[in-house]
Amino acid sequence: MLGILKHIVFVLLLAVCAALLPQQAFDEKARDAALVVGVIGLWRWSWGLLHLLRSLWFRLVRFPGMRRMAEAAAKAQGLGHAYFLITSFRIDAPTTTKVYRGAFIAAANAPAGATIVCSIVEIGDERLIRRLAEVMYGDSPPFRLEIVRIPGTGKRDALAAGFRAIAALNPAGDDTVSVIDGDSIVPPDLVERCACMFLINPNLGALTTDEVCTVEGAEIFKQWYSMRFAQRQILMSSHGLAERVLTLTGRMSMFRARLACDPGFIDHVQNDYIDHWRLGRIRMLTGDDKSSWFWLLKNGYNMYYVPDVQVETIEQPPSPSFISSAYVLMTRWFGNMLRTNARALNLGPIKIGAFTWWSILDQRMSMWTSLSGITLALLGTAMITPWTAAFYVLWVIVSRYILALTFLTVRPSINLVYIPLLYFNQIFGSAVKVLIFFRLDRQKWTRQKTAFKRTDSQFDAAFKLWSSRLVNSVAVLVFVSVLVFLANLGSYFTDEAPERLPKITDRVF
């Protein structure tokens, strides 16, 4: 009841603020800028509404039918053997214990038996894992436990070693491989609830699930992650309707075993790279989930989303500072996305589906369109009336509140702090994307503190640095110039209207 009262008071305050705005906030000279923002906003909001409607249809109509078919197939045919591949590197003992306890229980509950392959670096992790299995099940655990030790050369090598270990065990046709991060706790019925999906579609290559999180850190981190995972549920459900999600998260994705053991797949995950026209060959460090996703997409496999299964992740922000942590995490997330974006687009809408192809294209466009509103608001404030900023702030609050309300379709409650966090994600995230788009060669793990050693000559390094700055600056200037042209703001500096300048100055000062 108190939560509802907060929302009622909030809406009333918004109404009062809107009523108190003076007429100058709606200056007719701002109509061109408002029209540009309105057209872009209509496009973005219609796209968001489409995602919401697709999400609702998928979760309420399409997926329940898929669930019934899959469970019926599992009852009639039975499930295959379940393989778990878990990678761990320098994760604290309490988290490691929770993760492996969850995996052990899920493996013990697998209807056709399970094998857990742990791809690790340090002997301390091996001792902890074996000791936990002994405490839980004694000398005879109800699953096979394999430990693969590798040098600390990165997650891609750890995954490749794990996949090859599983391939050596000769998995059968209906077997599955669940790839699990060292900070992800899977539910006890993971295999029973997910593996059955592979029985109803022989072309299904992999699937992923909903996520919830336990966050270690300040309250703002908890609300931020909570909001992000609510957004994720809506978007992933929308793409689930197309049977091709846009990412196979490394937190927990389940693969058809014969594909996960394919030598071409393993080599692609371990040694993935892209060739860039200016930056040369970029070998992938992070983004192994994008590599596995692209391999399946390129080879024509479906990728499902299972919205009624939740994996719990333990989030440990890389810094106590919210801004610093957001920058580090967004640099990794968006870098992974943008490094794979172009080659996914090149597959074409016929091969991967029109909706999926357009969604991939939208990843590239949205980083610019999301910045158009604030850019025009700043220009309008400086060139037309300072009340433009007040009108824009009110619009941001109202629109983000409406967006936050849509999260009630996937979560039982929302927090008003989602409003500024949504706007932060849009503006700060888009700015990070614009920076990273021209610096795709910069990669770094947040947890492992590892990065590729640069082998460029001094000239090559300087060329990449300054050419990135140059093309980035030119792109931003072109973006602002196009907005000024479309909004007709350039008329304020033409010879035909010199009398406007004093008036604008009077308004501003």
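The values are calculated or read from the model by the stated rules, or taken from the named source; none is laboratory data. Keep in mind that this is a model prediction, so the values were computed, not measured. No Cβ is skipped: glycine too gets one built from the backbone with ideal geometry, and neighbour counts run over all protein chains shown. SASA here: full protein model, heavy atoms, side chains in, ligands and nucleic acids out. Shrake-Rupley method; radii C 1.70, N 1.55, O 1.52, S 1.80 Å.
Below is a table of values for the structure above.
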item: For Cys213, distant residues with modelled amide H under 5 Å away; result: Thr313
item: Cα-based convex hull volume of the range 180-300 per residue, rounded to whole Å³; result: 152
item: Heavy-atom accessible surface of the chain: percent carbon and sulfur, 1.4 Å; result: 63
item: Listed residue pairs exceeding 27 Å between alpha carbons, taken from Lys222/Lys444; Lys98/Lys298; Lys6/Lys433; Lys298/Lys433; result: Lys98/Lys298; Lys6/Lys433
item: Mean Cβ neighbour count within 10 Å, used as a protection proxy, ranking 112-119, 413-420 highest first; result: 112-119, 413-420
item: Kirkwood Rh (inverse of mean 1/r, distinct Cα pairs), the range 261-357, angstrom; result: 15.7
item: Rounded to whole Å, sorted largest first: equivalent-ellipsoid semi-axes of the chain, Cα gyration tensor; result: 45, 27, 22
item: FRET efficiency, Leu465 to Arg131 (Cβ-Cβ, R0 45 Å, nearest 0.05); result: 0.40
item: Pairwise label distance in nanometres, Val39 with Asp267, each label 7 Å out on the Cα-Cβ vector; result: 4.9
item: Most to least packed among 295-301, 255-261 [average Cβ atoms within 10 Å]; result: 255-261, 295-301
item: Heavy-atom surface of the chain, accessible at 1.4 Å and reported per residue (Å²); result: 46
item: Burial ranking of peptide ranges 366-373, 7-14 (average Cβ count within 10 Å, highest at the top); result: 366-373, 7-14
item: The range 96-248, relative contact order in percent, only Cα pairs under 8 angstrom and at least six apart counted; result: 26
item: Solvent-accessible ranking of Val480, Val177, largest area first, probe 1.4 Å; result: Val480, Val177
item: Computed over the range 268-407: relative contact order in percent, which uses C-alpha pairs under 8 Å that are six or more apart; result: 16
item: Cα lying deepest toward the dipole's positive end in the range 306-424, options Asn341, Val306, Gln363, charges on Cβ; result: Asn341
item: Bridge type composition, the chain - antiparallel percent by DSSP, nearest 5; result: 30
